[in-house]
1. Can you report the number of residues in region 42-56 which are assigned to a loop (DSSP other than H, G, I, E, B) and either in contact with an Asp or Glu (Cβ under 9 Å, 6 or more places away or on another chain) or modelled with pLDDT under 85 (or both)?
2. Do you know which residues across region 40-90 are buried (at least 16 other Cβ atoms within 10 Å of the Cβ) and within 12 Å of the chain's Cα centre (by Cα)?
3. Kindly list the number of the only condition in (1) farther than 25 Å from ILE9 by Cα; (2) touching a helix residue (DSSP H, G or I) at 6+ places or on another chain (Cβ under 9 Å); (3) part of a helix (DSSP H, G or I) that fails for LEU62.
4. Return the total of residues in region 75-105 being of a type in the set (Gly, Ala, Ser) and under 17 Å from MET35 (Cα atoms).
5. Being without any contact (Cβ under 8 Å) to a residue 12 or more places away in the chain and of a type outside the set (Ser, Thr, Tyr) is the filter here, so list the residues in region 38-55 that pass it.
6. Only residues that are basic (Lys, Arg) and under 22 Å from ILE6 (Cβ atoms): list them for region 46-99, please.
7. When you scan region 43-51, do you find a residue that is aromatic (Phe, Trp, Tyr) and touching a helix residue (DSSP H, G or I) at 6+ places or on another chain (Cβ under 6 Å), even just one?
8. Could you give me the residue pairs with C-beta distances under 9 Å whose first residue belongs to region 106-117 and is in the same structural domain as TYR64 (by the TED database) and within 17 Å of MET35 (Cα to Cα), whose second residue is modelled with pLDDT under 70 and not in a helix (DSSP H, G or I) wherever it lies, and which are 6+ apart or on separate chains?
Amino acid sequence: QISLLIGFISVNNSPWTDYSAYSFFQIVTLCDLVMILFFYIMHIFRVYRKLTCVSWPLAEFLHYLIGTILLLIGSIVAAAKSYNITGLVAGATFGFLATILCVISMWSSYKVSCITQSTSK
């Protein structure tokens, strides 16, 4: 989450050369930040215990999967259109770092929720 925030701030405070590429990157990072915050709040207040009609492990897995794919696309486009401007290169780099961290988080979330539940039955 911190790497997403750093990437967003780096891109936001840099001069843009291609408006559509960086606005897409900013929207993707903000959506990921909001959804991560949403799932943290769900876990902190244990709302998932009251809403049993939703498969929360599947919802979290799909969130990470879709967010990771969009973040990877946004980082590739941002890196291609950076034109060696330092802030934009830093934003794209932190976007790639956040992509890797999202993949690790997705794998650990899948491993804890799905594999643990299937072996405990």
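The values are calculated or read from the model by the stated rules, or taken from the named source; none is laboratory data. Source: prediction; values computed, not measured. Counting neighbours? That spans all protein chains shown, and the Cβs are built from the backbone with ideal geometry, glycine included. Only protein heavy atoms, including side chains, enter the accessible area calculation; ligands, DNA and RNA are left aside. Shrake-Rupley method; radii C 1.70, N 1.55, O 1.52, S 1.80 Å.
1. Residues in region 42-56 being assigned to a loop (DSSP other than H, G, I, E, B) and either in contact with an Asp or Glu (Cβ under 9 Å, 6 or more places away or on another chain) or modelled with pLDDT under 85 (or both): 4 in total.
2. GLU60, PHE61, HIS63, TYR64, GLY67, THR68, LEU70, LEU71, LEU72, GLY74, SER75
3. That leaves (2) as the condition not met.
4. Matching residues across region 75-105 total 3.
5. Of everything in region 38-55, those that are without any contact (Cβ under 8 Å) to a residue 12 or more places away in the chain and of a type outside the set (Ser, Thr, Tyr) turn out to be PHE38, ILE41, HIS43, ILE44, PHE45, ARG46, VAL47, ARG49, LYS50, LEU51, CYS53, VAL54.
6. Initial filter on region 46-99 (basic (Lys, Arg)): 46, 49-50, 81.
Listed by number, the list holds a single entry, LYS81.
7. yes
8. none
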